[in-house]
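Reviewing the structure listed below.
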Amino acid sequence: MSTNMKTCPICEEGQIHETSREREIEYKGEKTMMPLYYSVCDACGSEQGDAEQSRKNKQVMLSFKKQIDGFLSGEEVREQRKRWDITQAQAARIFGGGPVAFSKYEADDVIQSEPMDKLLRVAQAVPEAFIWLAQQAGEMDVCQKARKASFDLIENSLTRKDDSVVLFKARSKPVVTNIEQISVSSTDSLQIAG
């Protein structure tokens with residue numbers, strides 16, 4: 001809450017003070033307690049909200065809706081984008097949605113569409129899908145980093161025993177193999193024994 005006080009626009013005598021209180025909200029039959037941000041005049045007692053408080057209230061509600069609808073939260077979208085080591089502008093070029101879409105998704109200013117949510121999940125689960133999308137968007141540096149990260153992950157897995165690895169190739173069925181059968185060459189190509 002900010003400490004700068006403003007004169008009440010209703011009574012023009014008192015000062016308004018920012019505050020919040022818990023309130024019950026409901027969406028699709030699910031209920032939860034969420035904060036409601038607003039200001040109160042110390043003279044006339046009027047309650048009012050400014051643009052920033054309205055934005056915070058909207059973000060809280062949209063975050064709850066994403067949770068109930070099973071969508072990635074703004075924080076999950078941000079974490080995923082950072083894991084890929086891409087900017088919001090690069091994410092918009094790779095996945096679509098417009099130049100400021102990821103800023104809005106991450107801040108819970110808007111709810112991403114169901115197809116966008118699914119696309120983000122597929123790209124997270126299948127690294128080759130992310131690489132393909134980045135390549136289609138002309139983000140070749142992103143492709144290189146993502147390929148290296150995929151190979152590093154497999155190479156680090158080689159030290160563990162009794163693990164299985166699922167490898168995906170574009171336009172082919174996944175190959176499931178035992179980790180002992182895989183080796184990674186210095187040219188970043190995978191070798192599967194047997």
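The values are calculated or read from the model by the stated rules, or taken from the named source; none is laboratory data. Not measured: the values here are computed from a predicted model. So basically every Cβ, Gly included, is an ideal-geometry build from the backbone, and we count neighbours across all protein chains shown.
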For this session: Considering only residues that are closer than 23 Å to MET61 by Cβ and acidic (Asp, Glu), look in the range 108-138 and name the one that is surrounded by the most Cβ atoms within 10 Å (Cβ to Cβ).
Result: ASP108
For this session: Could you tell me whether the range 20-32 includes any residue that is touching a helix residue (DSSP H, G or I) at 6+ places or on another chain (Cβ under 8 Å), loosely packed, with under 13 Cβ neighbours inside 10 Å and in a strand (DSSP E or B)?
Result: yes
Exercise. Here are some conditions: (1) under 14 Å from the mean Cα position of the chain (by Cα); (2) modelled with pLDDT of 95 or more; (3) over 30 Å from GLU52 (Cα atoms). ILE94 meets all but one. Which one does it not meet?
Worked result: (1)
Exercise. Taking the range 40-65 as the search range and keeping residues that are assigned to a strand (DSSP E or B) and touching a residue at least 24 places away in the same chain (Cβ under 8 Å), which one is nearest to GLN124 (Cα to Cα)?
Worked result: GLN48
For this session: Could you list all residues from the range 51-62 that are more than 22 Å from the chain's Cα centre (by Cα) and surrounded by 14 or more Cβ atoms within 10 Å (Cβ to Cβ)?
Result: GLN53
Problem set entry | First in the range 112-127 and part of a loop (DSSP other than H, G, I, E, B), second anywhere and at pLDDT 95 or above, Cβ under 6 Å, 6 or more apart | GLN112/TYR105
For this session: Output the residue which, of all residues in the range 128-148 that are part of a helix (DSSP H, G or I) and of a type outside the set (A, V, I, L, M, F, W, C), is nearest to PHE64 (Cα to Cα).
Result: GLU128
Problem set entry | Scope the range 1-19; condition outside any strand (DSSP E or B) and either surrounded by 10 or more Cβ atoms within 10 Å (Cβ to Cβ) or not small (Gly, Ala, Ser) (or both); matching residues | MET1, THR3, ASN4, MET5, CYS8, PRO9, ILE10, CYS11, GLU12, GLU13, GLY14
For this session: Determine, yes or no, whether ILE68 is crowded, with 18+ Cβ neighbours inside 10 Å and either β-branched (Val, Ile, Thr) or not in a helix (DSSP H, G or I) (or both).
Result: no
For this session: Among the residues of the range 82-107, write down those that are part of a loop (DSSP other than H, G, I, E, B) and crowded, with 18+ Cβ neighbours inside 10 Å.
Result: TRP84, ILE86, GLY97
